[in-house]
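Engineer: Input: one structure, supplied below.
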Amino acid sequence: MTDAVLALWGREIRVFLRDRARVVGVLAQPVLFWLVFGFGFGDSVRIPGSEAGYLPYLLPGMVALTVLFTAIYSTLSVVEDRQSGVLQAALVAPQPRSALVLGVVLGGTTLAVGQAALIGAMAPIAGMRPGLDGALVALAAGVLLAVTFCAFGFVMAWRLKTTRAYHAIMNVVLIPVWLLSGAFFPEAGASGLVRLGMRLNPATYGVGLLRYGFEGLPASIAGSDLSLATCAVVSVGAAVVALAAAVASARRSPA
Amino acid sequence: MSAALDVRDLRHTYGDVPALDGVTLAVGETERVALLGRNGSGKTTLLRITATLLRPDAGTVEVAGADVVRQPDEARRRLGVVFQSPALDGTLTVREALALQAALVGVPKAQRANRIDEAIADAGLVDRARQRVGALSGGLARRLDLARGLLHRPALALLDEPTTGLDPLARDAFWDVLDRRRADGAQLVATHLMDEAARCDRVVILDSGRVVADGTPEALTSALGRDALWLDSATPAALAETLVADGLDARPVGDRVLVQSPAARALVADLYARPDVRGVALQPPTLGDVFAAAVGASPDAS
């Protein structure tokens, strides 16, 4: 099984690297967003409980955006594989379905975290000094977010027959998930309903964990009263639940 | 002889529509069996159940002794499947595609490189091993896909209309690869092509989810017991009418008359003596005739 997981994992990465447009697009988008939003809002946005400007607030948010988009869209390969017949060949191979899930999720996670790390490496430009501890926590946060959303993407991809349906559904899901994760604006200044949405959104805790990392493990993070422990526990829990859901899906016949 | 495939009283329904209505079928260890039938006859359902992709309503299927419902992993280990269209990722190279398959089907690591080399040679792709699969012609991609399906030398290879859309030369090349792998195990080939069926040890014809014929190509054609006589005539329509009046099964086909009769050989001299017959050709029944008789239509009608 390990062998099959490694082979599927490697394939996801190979296929990605051979698609130059995908590599460029996925890197350029968050950088552009960050610069436009960061400098655009500039001084007109003040984060409650934070002296720093919007640029450093938004950076972990852009890292989260990169992770979310890359993780979810990497599972598009499941829809494509069904159309090309590759999925059927994998389904009649003597492998547990969990191997298929792990191959896809690990592949997507590698890509998502790899790309997000390139964005995260710009932290010093925003005046952030996470330190080694902070960087490791941010890395862990990225991995947990990526696993959660790759697994979630897998569940959706298993049910959807066309890439068009997949894009349509994912845009509906992704944008609110990202907007309501504390990546773009903080919980502290939001109204009651939006706040509730943010609390129910598993990505909020991943983004919180990212912030703890990027801000160098402070006692509390800008614009939120979530503790490091809460963020970590919920992030791990979300990843486990999403993986279990993906394996359960994969045990049924695909769409 | 132990069986590579043992299907017993298999039944499956999609909603109210029965797809398989009690199919029983065995394929011997190194036997090659053609599965014929019109579209909707149940061929694909039978193959999907055998490939562990679909659960039957009733009945059993064993692949080299492994029950596809109770021991799907064991069954999958003994199975190789070649689908109607190649199950290949176009972005990978030929060698990478086979390496992925080797890992998926669990070819032992020590044998992997050799096995892949052999498969590439078998498929005639030695000088293309580093090319992207997406750059291969349709015929080459099919041969690679066949090599993929047979890579772990399965006890039973399932092939679902594997040459659809290929030109005659590409088809021959495909079957040559299939011939070279005959010693590995049994092959069950669903096809619409009678010349492909003729290359098999046995022919099984499905119609409305039942086996309506099962035997060697020779046994089936001789059991049909009706040779065909083709008569050359300047007046085929009139000739056919006269012969029908004489109680023969005759009909004009183009500028000739087709007479089908169990006693065709005995009729040759009499017919040749007629002034309105210029020539007589005797043709033994073909698998196409067997198929038409079994399902009540010609294969072209499907």
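The values are calculated or read from the model by the stated rules, or taken from the named source; none is laboratory data. Quick caveat: nothing in here was measured; it's all calculated off a predicted structure. Note that we place each Cβ from the backbone using ideal geometry, even for glycine, and neighbour counts take in every protein chain shown.
Engineer: Assess whether A:Arg82 counts as being basic (Lys, Arg) and crowded, with 18+ Cβ neighbours inside 10 Å.
Structural biologist: Yes; evaluated as a whole, the condition is true for this residue.
Engineer: Residue by residue through the stretch A:79-102, note down the ones that are of a type in the set (D, E, K, R) and facing chain B (nearest Cβ under 9 Å).
Structural biologist: Once the filter is applied, which keeps residues that are of a type in the set (D, E, K, R) and facing chain B (nearest Cβ under 9 Å), the stretch A:79-102 yields A:Glu80, A:Asp81.
Engineer: Step by step: first the residues of the stretch A:134-180, then only those that are of a type in the set (Lys, Arg) and in contact (Cβ under 8 Å) with a residue 12 or more places away in the chain, then the one that is farthest from A:Ala229 (Cα to Cα). Which residue is that?
Structural biologist: Of everything passing the filter in the stretch A:134-180, A:Lys161 is farthest from A:Ala229 (Cα to Cα).
Engineer: Here is a further query. Does A:Ala255 satisfy the criteria of being modelled with pLDDT under 90 and within 14 Å of another protein chain (Cβ to nearest Cβ)?
Structural biologist: yes
Engineer: Just to be sure I understand, how many residues within the stretch A:184-233 are within 21 Å of A:Gly38 (Cβ to Cβ) and among the acidic types (Asp, Glu)?
Structural biologist: Within the stretch A:184-233, residues that are within 21 Å of A:Gly38 (Cβ to Cβ) and among the acidic types (Asp, Glu) number 2.
Engineer: Same structure, new question: B:Leu178: among the hydrophobic types (A, V, I, L, M, F, W, C) and either within 12 Å of chain A (Cβ to nearest Cβ) or in a helix (DSSP H, G or I) (or both), yes or no?
Structural biologist: Judged against the criteria, B:Leu178 is a match.
Engineer: A further question follows. Which of the following residues is within 14 Å of chain B (Cβ to nearest Cβ) and in contact with a helix residue (DSSP H, G or I) (Cβ under 8 Å, 6 or more places away or on another chain): A:Gly107, A:Gly127?
Structural biologist: Unique residue meeting the criteria: A:Gly107.
Engineer: Right, here's the next one. Regarding A:Thr163, is this residue modelled with pLDDT under 95, crowded, with 20+ Cβ neighbours inside 10 Å, under 30 Å from B:Arg48 (Cα atoms) and hydroxyl-bearing (Ser, Thr, Tyr)?
Structural biologist: No.
Engineer: Hey, another quick one. Give me the helices (runs of 4 or more DSSP H) completely within the stretch B:23-138, filtered to those with at least 2 residues that are within 10 Å of chain A (Cβ to nearest Cβ), aliphatic (A, V, I, L, M) and within 24 Å of A:Gly103 (Cα to Cα), ordered by residue number.
Structural biologist: B:94-105
Engineer: Can you find a residue in the stretch A:22-39 that is out of contact with any His (no Cβ under 9 Å at 6 or more places or on another chain) and within 13 Å of chain B (Cβ to nearest Cβ)?
Structural biologist: yes
Engineer: Name the helices (runs of 4 or more DSSP H) wholly inside the stretch B:188-289 in which the number of residues that are without any contact (Cβ under 8 Å) to a residue 40 or more places away in the chain is 2 or more.
Structural biologist: Hits in the stretch B:188-289: B:217-224, B:236-245, B:264-273.
Engineer: Here are some residues: B:Leu100, B:Leu79, B:Leu144, B:Leu88. Which one is crowded, with 21+ Cβ neighbours inside 10 Å, free of Cβ contacts under 8 Å to residues at least 24 places away in the same chain and either among the basic types (Lys, Arg) or assigned by TED's automatic domain parsing to the domain that holds B:Glu161 (or both)?
Structural biologist: One residue alone meets the criteria, B:Leu100.
Engineer: Here are some residues: A:Arg46, A:Arg14. Which one is more than 16 Å from the chain's Cα centre (by Cα), charged (D, E, K, R) and within 12 Å of chain B (Cβ to nearest Cβ)?
Structural biologist: Answer to the check: A:Arg14.
Engineer: A:Ile72 versus (1) of a type outside the set (Lys, Arg); (2) farther than 30 Å from A:Ala4 by Cβ; (3) touching a residue at least 60 places away in the same chain (Cβ under 8 Å): which is the lone unmet condition?
Structural biologist: It is condition (2) that A:Ile72 fails.
Engineer: Here's something else I'd like to know. Confirm whether B:Glu118 is in contact (Cβ under 8 Å) with a residue 12 or more places away in the chain and among the acidic types (Asp, Glu).
Structural biologist: Taking the combined requirement at face value, the residue does not satisfy it.
Engineer: Take the residues in the stretch A:63-84 that are small (Gly, Ala, Ser) and within 8 Å of the chain's Cα centre (by Cα), then tell me which one is nearest to A:Ala165 (Cα to Cα).
Structural biologist: A:Ala71
Engineer: Another question about this same structure. Which condition breaks for A:Gly142 when tested against (1) assigned to a helix (DSSP H, G or I); (2) surrounded by fewer than 24 Cβ atoms within 10 Å (Cβ to Cβ)?
Structural biologist: All conditions are met except number (2).
Engineer: Continuing with this model, one more query. Specify the residue that is farthest from A:Leu87 (Cα to Cα); the eligible residues are those in the stretch A:1-48 that are of a type in the set (S, T, N, Q) and without any contact (Cβ under 8 Å) to a residue 40 or more places away in the chain.
Structural biologist: A:Ser44
Engineer: Report whether or not B:Thr191 is among the polar types (S, T, N, Q), surrounded by 17 or more Cβ atoms within 10 Å (Cβ to Cβ) and at pLDDT 90 or above.
Structural biologist: So B:Thr191 fits the description; yes.
Engineer: Return yes when A:Asp133 is among the charged types (D, E, K, R) and away from chain B (no Cβ under 14 Å) and no when it is not.
Structural biologist: In short, yes.
Engineer: Given B:Gly15, B:Gly59, B:Gly40, B:Gly22, which one is surrounded by fewer than 19 Cβ atoms within 10 Å (Cβ to Cβ) and out of contact with any strand residue (DSSP E or B) (no Cβ under 9 Å at 6 or more places or on another chain)?
Structural biologist: After ruling out the rest, the residue left standing is B:Gly15.
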